[in-house]
Each structure stands twice: as structure tokens, then as C-alpha cells.
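The structure under discussion appears below in the form of C-alpha cells.
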Amino acid sequence: MTAEILAVGSELLTPQRLDTNSLYLTQKLNELGVEVVGKAVVGDDRGRLTGAIQAARSRSRLVILTGGLGPTEDDVTRDAVAAACGRQLVFHQEILEAIEARFRAFRRSMAAINQRQAYILEGGEALNNDRGTAPGQWISDEAGLLILLPGPPNELKAMFEQQCLPRLRGVLPQEHIATRVLRVAGMPESDLDQLISPIYTRYRNPVTTILAAPGDIQVHLRGHGSSDNEARLVVDELARQIEATLGDRVYSRQDESMEEVIGRLLVARKATLAVAESCTGGLIAQRITSVPGSSKYFHGGWVSYTSRFKSEHLGIRAETLETHGAVSAETAREMAQNARQRGSATLGLAVTGVAGPDPDGSKPVGLVFLALAEETSCEVKERRFVGERERVRLQASQMALDLVRRRLL
């Protein structure tokens, strides 16, 4: 079964508010084997919302609306659903009495406008709200299921788990969803898709989605089956083919970050790491130490942003800086070697480059040198990253960590 979620409220169309309810509902629906194929945010406009409901119900058998069930004039969900379904709203005295009792429990008087919350769609069922005054609604007809939930997350989650999940388990067909996220480093999105599209386009189940971030590509696989095992087997079959094609460019099969992967490898190899950063400004160290337990393998680092600091605190030779410049393979090599020695680590990792927005003399924006030193050797890479300052820094940090991963492998 497919589902769509409509988040109602003009406040959700502002920069200050984020719709988190749909993320929660998507997770819960996926656990039931329901594929969420559409989400939308609709403002407090009765006409627009009516049209959105009708369109969603024409495509999907399950539609969930969140928000717009309050007592004020801008809470238009009930009226829009009635218009979309061609049904009347029916007043329920027992619901009004329950709302009045809740106000009395808090020693407050109920405003007359709260009576609007006692109206339920003709033929629908009220869903009790033990954390607020707005009841939800459950409507089942020839078009499918329509569920109305309150907007406050604490009310929505309690109502969905206590009342909707048991009902959905009783009416939904037995289906399961398995997911796999392959994370890939060291190649552009277009190159990756050229390699694997002949594989995944042969399948309708699983469905493949490719998401790209600076230096990091995620290949999402979602498979359906009548059991957990069947769904996993479907995903595993496609994942094996993609992994065989991409080889060691796949750095994670369980949606781990690069810093989590190299942390696990450093521990397994009983290795330690120290870093020297320039253009990344401490980003590599921040990423490494964001992983709990990183003190087992990360000794520390230097943010050597100026040539003077590189010389005085990291021990880079003045001759190297004067002859080759701060942004050079030679400087990167010494940074890595000195970080390893001074940090008493197995490996020394270094990055120096031009993040932008302005070039550094003859050195263009995006030019980065990366180095990884061991006791008897040092590998240096030169790269030219494309994009604005933060994108260059992210790509440089990702590639630097990937250098460590590949060496440990």
C-alpha cells in the first residue's frame, strides 16, 4: 500500500517551523510495510487543502493529515475534509462533554469556540486525545483510509501509537520493507550512476534512490516482501551487484559516516591518528571526535592556519614554505610527518589548500593537498575541488578521511 501525508498549517511554510511529524509517521508506516510516496505542506486555506486531499486520495489508499484540528477559524482541516469527501460534519455531544471535563480538570473555563472540535465527519470515528482537546478522526470508505491527527507532536505520537497502529495492523495487507544504504566516496554522482544504472534499472523491487553530498554519495535501496526475510533477500541481491561493481569505493553498507568507519578500522588495526589542518580549520578533528570513544585512536591535532604557525608550532621548515608555499605537496608532506611524530601516532594526516572565496596568489580556489604519513612512507594527493568555501572544506575533509580508510584496508 502507498500513503501520502499532508501537514496542515501556514506556520509550517515559514523558516521558523519544521514539519517533524511526517518524519515520525514515515518511519512508523515503513515498519508496517507502507510506502510513503508523497508529502506536502498546505497552508490554512480551505480551498487549497480540499484540492490537496482530493488529489492525494486519487493516488494513494492511505492519506494522513496532521494539524488544523484546533478550535479557531484558521483550523480548516475538518471543513476541508468534509468538502473533499462530500460528507457532512456531525456534532457529538459526548465529545464536547469530554472536552469540557478536560478544561475543568485544569480549572479553566472552556471557550465557546472549542465546540467546533466536537464535529466529526459523517461516517467517521473519533480518535480520543488524552493529551489535548482535539480528537482525531478515522475515515474508511471506497477511496481508502483517511486519518486526521492533531499537530502537536506529543498529541500526535500518542494518538497514532495507541489508536492508529493497532487498527492499521488489522486492515493492512501483510507486507514488509527492508532498506540498505551504500555510501560511496571518491567519485562524482554522474560517474557512479553511469556504472550502476544498468544494474538497478532492471529492478522494480527494490527501488533505488541516489543522493549526493560533497564528497559523499548515498545509494538507497528499498525492497518489499511478504516477510522481513523476503524483503531483505530482495535488497541483498541488488546490493551485492552494486558493491561488486563499485569495489572499495563503497565505504559503508550500513549508512555509517566516514568518521565512524575509520574509527572502527583504527581500533581493529590497533592504530592511532594525529592530524594537521589548514584550510579545513579543524573540521577533520571535529568529525573524528564526534564519534563516541574516539579517544581510543585519536591523539589530537593542529589547526595550523598561517605559515608562521606552521613553522613555529608544527615544525615546518622555513625553506619548504619559502620555496614551495603553504599550499603545496611538500608542505602537506611535512605537516603529516610532523603531526605523526609530535602526536606520537601511527598515522599523521594533513590538509592544506585554498578554500576561497579568493585565490591565494597563483593558487586557485579549490586546490588542496592531502598527505598521510606512516613511519617509513608518506602518500600525497593533489585535488581541485569545485564549489564555494564550505563545499571545498567538506570535500577536503571527506577525502582526507577516505585516505585513512583506504590505507587501513
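The values are calculated or read from the model by the stated rules, or taken from the named source; none is laboratory data. Since this is a predicted model, take the numbers as computed values, not measurements. Glycine also receives a Cβ, built like all others from the backbone with ideal geometry; neighbour counts cover every protein chain displayed.
Filter the range 351-365 for residues that are hydrophobic (A, V, I, L, M, F, W, C) and touching a Lys or Arg at 6+ places or on another chain (Cβ under 7 Å); which is surrounded by the most Cβ atoms within 10 Å (Cβ to Cβ)?
A355
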If H92 passes every condition in (1) under 32 Å from the mean Cα position of the chain (by Cα); (2) farther than 30 Å from A239 by Cβ; (3) not aliphatic (A, V, I, L, M) but one, which one does it miss?
-> (1)
Within the range 266-319, count every residue that is under 24 Å from E390 (Cβ atoms) and outside any strand (DSSP E or B).
-> 21
For D193, all conditions in the list (1) assigned to a helix (DSSP H, G or I); (2) without any contact (Cβ under 8 Å) to a residue 40 or more places away in the chain; (3) not assigned by TED's automatic domain parsing to the domain that holds D216 hold save one; what is the number of the exception?
-> (3)
Any residue in the range 83-94 that's within 7 Å of Y119 (Cβ to Cβ): show its pairings with residues that are part of a helix (DSSP H, G or I) at Cβ separation under 7 Å, as long as the two are six or more apart or on different chains.
-> L89/R78; L89/A82; F91/A118
Matching option when the condition is within 28 Å of P166 (Cβ to Cβ) and over 34 Å from the mean Cα position of the chain (by Cα), among L65, L32, L121 = L121
Would a scan of the range 32-47 turn up a residue that is of a type outside the set (S, T, Y), assigned to a helix (DSSP H, G or I), in contact (Cβ under 8 Å) with a residue 60 or more places away in the chain and at negative phi?
-> no
Residue under evaluation G348, criteria (1) buried (at least 24 other Cβ atoms within 10 Å of the Cβ); (2) under 20 Å from P188 (Cβ atoms), criterion not met = (2)
Tell me, please, whether a residue that is more than 29 Å from N30 (Cα to Cα) and out of contact with any Cys (no Cβ under 7 Å at 6 or more places or on another chain) can be found in the range 119-134.
-> yes
Hits in the range 222-259 (condition: over 22 Å from R204 (Cα atoms), crowded, with 18+ Cβ neighbours inside 10 Å and of a type outside the set (F, W, Y)) | R249, V250, S252, M258, E259
For A244, state whether it is under 20 Å from E189 (Cβ atoms) and either in contact with a Gly (Cβ under 9 Å, 6 or more places away or on another chain) or not in a strand (DSSP E or B) (or both).
-> yes
Residue count, the range 243-261, condition in contact (Cβ under 8 Å) with a residue 40 or more places away in the chain and under 14 Å from L409 (Cα atoms), comes to 7
